[in-house]
């Protein structure tokens with residue numbers, strides 16, 4: 001819990017490193033998709049902090065590209081929990097690293113969809129993500145008008 | 001199906017969101033079950049196998065494969081600071097990458113109203129036909145089983161076959177003396 005708060009506090013220094021990053025040429029990598037799940041057996045007990053840290057380290061991979069991001073984020077989306085704001089922040093910065101703005105907007109939409117009818121959870125996530133959104137130049141789903149249905 | 005696709009495509013044009021650069025929604029037109037598109041009519045810059053849904057919210061490839069014109073400049077700005085992009089620019093990039101928002105995918109359809117209306121039309125036609133045949137074509141119903149002779153004969157048969165010998169007619173018949181109890 002507090003680790004995620006500390007991570008959010010590191011927002012301002014992060015962006016300067018990202019803007020100056022160069023495009024990494026694609027290489028053949030052996031990719032083991034990450035899917036951190038908590039099993040009911042006590043033999044493999046993953047704490048919340050380890051779970052969050054594992055997901056953040058996934059989105060901070062040096063060789064992250066669109067395909068790997070898609071696989072990882074779909075795994076995260078299919079978990080039976082709403083992702084921590086720190087994980088969503090890591091995902092948004094990963095989108096920034098691969099220079100994909102629509103993907104970041106889609107990430108925000110999917111997080112909102114994941115919250116379903118729990119407006120309090122979504123408000124909390126948006127509140128925690130507000131500094132990152134301002135830093136990246138993103139807006140929330142409501143401000144884009146993406147939550148409104150045509151017709 | 002095609003009418004609903006066209007309706008969504010048209011609404012995209014007139015929506016309050018800025019779509020001044022990308023007017024048509026090929027994701028709604030191309031795909032399984034959609035209308036057939038000739039090769040010369042298909043826009044070569046667009047992905048012909050683009051598919052997104054609630055189960056596949058992040059498509060494998062974007063909807064637009066090659067950016068031209070204003071979108072090309074936006075794509076170059078995407079590499080830089082996103083704060084320099086206005087909300088309209090960001091929405092243009094979004095509409096060029098995706099076909100519909102998640103809210104669009106989640107909303108229900110009102111096709112059931114058309115189907116229900118058509119079913120009611122056919123059902124009412126059948127019922128009217130039934131009524132017409134009953135009133136004007138069939139001979140009037142004759143309730144023979146309510147004649148006095150018929151009822152008496154049926155009671156006599158019940159008594160003869162000992163039907164209803166606990167609570168029915170046979171229980172009230174005195175078999176020894178051949179008369180009602």
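None of the figures in this text is laboratory data; all of them are computed from the coordinates on show. None of these values were measured; they are calculated from a predicted model. Cβ sites come from the backbone with ideal geometry, for glycine too, and all protein chains shown count toward neighbours.
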For segment B:132-174, just the Cα set please: Rg and Dmax, both in angstrom.
16.4, 51
Between residue B:161 and residue B:130, what FRET efficiency follows from the Cβ-Cβ distance if R0 is 45 Å, with the result rounded to 0.05?
0.75
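What percent do you get for the relative contact order of segment A:48-144 when only Cα pairs under 8 Å and 6+ apart count? Each step should come with its number before you reach the end.
Numbers: 60 pairs, mean separation 25.9, N = 97.
Taking the mean separation of contacting Cα pairs over the length of segment A:48-144, I get 27 percent.
Please sort B:92-101, B:108-117, B:66-75 by packing, taking for each peptide the average over its residues of neighbouring beta carbons within 10 angstrom, highest first.
Numbers: B:92-101: 23.5, B:108-117: 9.6, B:66-75: 13.7.
Descending packing order for the listed peptides: B:92-101, B:66-75, B:108-117.
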So if we plug the beta-carbon distance of residue A:46 and residue A:118 into 1/(1 + (r/R0)^6) with R0 = 22 Å, what FRET efficiency do we get, rounded to 0.05?
0.40
Quick calc of log₁₀ I(q)/I(0), segment B:53-181, Debye, one scatterer on every Cα, no solvent, q values 0.15, 0.17, 0.23 1/Å, result -0.90, -0.99, -1.27
With labels modelled as points extended 7 Å from the Cα through the Cβ direction, what inter-label distance (nm, one decimal) is found for residue A:62 paired with residue A:80?
3.8
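Return B:58, A:121 ranked ascending by Cβ neighbour count within 10 Å, so the fewest neighbours appear first. Could you put the intermediate results ahead of the total?
Values: B:58 19, A:121 15.
Ranking B:58, A:121 by Cβ neighbours within 10 Å, fewest first, gives A:121, B:58.
Taking only C-alpha pairs under 8 Å that are 6+ residues apart, what is the relative contact order of segment B:43-181 in percent? List each step's numbers first, then the result.
Values: 68 pairs, mean separation 18.6, N = 139.
Worked out over segment B:43-181, it gives 13 percent.
Using only the C-alpha atoms of segment A:48-144, find the volume of their convex hull and express it per residue in Å³. Walk me through the numbers on the way to the answer.
Values: hull volume 9.0 nm³, N = 97.
With only Cα atoms used, segment A:48-144 gives 93 Å³ per residue.
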Report the calculated FRET efficiency for residue B:116 and residue B:37 (r = Cβ-Cβ distance, R0 = 30 Å), to the nearest 0.05.
0.40
